[in-house]
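Following: one structure in structure tokens, then a few remarks.
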Amino acid sequence: MSALHANTAIVELPFNRWDIPEQNPQIQHSLELGDVLYLPQLAFPLTKKEHELLTPALVSPKRKNISYQPEKQNINGVADASRTEEVQQLVDRYYRCAVSLLGSLLPGYRQALHSPTTSLRLHPIAAWRANTSWRKDDTRLHVDAFPSRPTYGERIVRVFSNINPHGEARVWRVGEDFASLSARFLPELKAYSPFSSWLQAAVGITKRKRSHYDHLMLELHDKMKGSTAYQQRGLQQSIEFPPGSTWICFSDQTPHAAMSGQFMLEQTFLLPLDAMQDPQLSPLRVLENATQQILI
């Protein structure tokens, strides 16, 4: 496997609590460069009753995970209705811990993070991979792009915690910096069609019209996953996130692939570009500079 590009790094942080003092802006800058913030001592402890929820049978058939929208108090994907309240209490507690952590770790984003979604992932990665298409196969290196929910350049911030009770690490591959990645694939991406974008929104395939930017990001996601050569020989490194650890990245910028593991909590937020220290590092600005076009 190739050595990782120098512009990407795993930045280890020493915190072991979710409520920490406000931190130096350098941490925020590191995240904006595409680095992964790794907190090896930051566990999300579960109660004895919550440990009983760690079974794939709790997830509704054909769903990848249990999903929670904290602002609406809306939870989906719990197969056993009698345990819905317990699951909601667990994921809501994780959401609140993530809000507290990011508010101090990344204070420049504190008032700007929005549209939170919390996921409880109970399936082993190997089992899910066997029953999904290559586009949905997250063991392939990719950057995140939402097929039905265009972001119009807003950032995707994700907080992950390994809650595996059996000592199993979550193993990731992490790829090169976004500028190098996009330069590699941009000539292969299909041209944007405003009519197709309008039509998909009109018939309900997307929640709103897909922007030129969102089209390119979705094309990039698919081209990465579809390229066997890139998956095998692209710049990348492997990292293990053991139980009791937490990590954070801009998943629309940092190429990543989840290779193995089971039992994880994940918190997603969207972030407007103007909340960034340096919006020029965002995928939107990188792609606009590369294409010499306004993409939203």
(request) From the list LEU270, LEU284, pick out the single residue that is at pLDDT 95 or above and surrounded by 22 or more Cβ atoms within 10 Å (Cβ to Cβ). (result) LEU284
(request) Kindly establish whether SER196 is assigned to a helix (DSSP H, G or I) and polar (S, T, N, Q). (result) yes
(message) Of the residues VAL99, VAL78, only one is closer than 24 Å to SER245 by Cα and either out of contact with any His (no Cβ under 7 Å at 6 or more places or on another chain) or modelled with pLDDT of 95 or more (or both); which?
(response) VAL99
(request) Check ALA126 against each of (1) touching a strand residue (DSSP E or B) at 6+ places or on another chain (Cβ under 8 Å); (2) surrounded by fewer than 18 Cβ atoms within 10 Å (Cβ to Cβ); (3) within 20 Å of GLN292 (Cβ to Cβ) and name the one condition it does not meet. (result) (3)
(message) Can you list residue pairs whose Cβ atoms sit under 7 Å apart, with the first residue in the range 145-156 being more than 11 Å from HIS215 (Cα to Cα) and the second being among the acidic types (Asp, Glu)? Count only pairs 6 or more apart in sequence or on different chains.
(response) ARG155/ASP252; ILE156/ASP144; ILE156/ASP252
(message) Taking the conditions exactly as written (among the polar types (S, T, N, Q), over 14 Å from THR246 (Cα atoms) and not in a helix (DSSP H, G or I)), does GLN23 satisfy them or not?
(response) yes
(message) Going through LEU4, LEU46, LEU54 one at a time, which residue ends up being at negative phi, modelled with pLDDT under 95 and either part of a loop (DSSP other than H, G, I, E, B) or touching a Gly at 6+ places or on another chain (Cβ under 7 Å) (or both)?
(response) LEU4
(message) Give me the residue from the range 199-223 that is part of a helix (DSSP H, G or I) and touching a Phe, Trp or Tyr at 6+ places or on another chain (Cβ under 6 Å) and, out of that set, nearest to GLU32 (Cα to Cα).
(response) LEU220
(request) Go through the range 170-197 residue by residue and tally those that are buried (at least 16 other Cβ atoms within 10 Å of the Cβ), of a type outside the set (Val, Ile, Thr) and touching an Asp or Glu at 6+ places or on another chain (Cβ under 7 Å). (result) 1
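If you check TYR38, TYR95, TYR68, which single one turns out to be in contact (Cβ under 8 Å) with a residue 24 or more places away in the chain, in a helix (DSSP H, G or I) and buried (at least 18 other Cβ atoms within 10 Å of the Cβ)?
TYR95
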(request) Identify all residues within the range 254-296 that are part of a loop (DSSP other than H, G, I, E, B), touching a Pro at 6+ places or on another chain (Cβ under 9 Å) and more than 26 Å from ALA112 (Cβ to Cβ); write none if there are none. (result) GLY261, GLN262, PHE263
(message) Please go through (1) of a type outside the set (Lys, Arg); (2) within 19 Å of ASP19 (Cα to Cα); (3) touching a residue at least 40 places away in the same chain (Cβ under 8 Å) for VAL59 and return the number of the only condition it doesn't satisfy.
(response) (2)
(request) Go through the range 120-162 and give me each residue that's outside any helix (DSSP H, G or I) and hydrophobic (A, V, I, L, M, F, W, C). (result) LEU120, LEU122, ALA130, LEU141, VAL143, ALA145, PHE146, ILE156, VAL157, VAL159, PHE160
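The values are calculated or read from the model by the stated rules, or taken from the named source; none is laboratory data. No experiment lies behind these values; they were computed from the predicted model shown. Cβ coordinates were reconstructed from backbone atoms using ideal geometry, including for glycine residues, and neighbour counts include every protein chain displayed.
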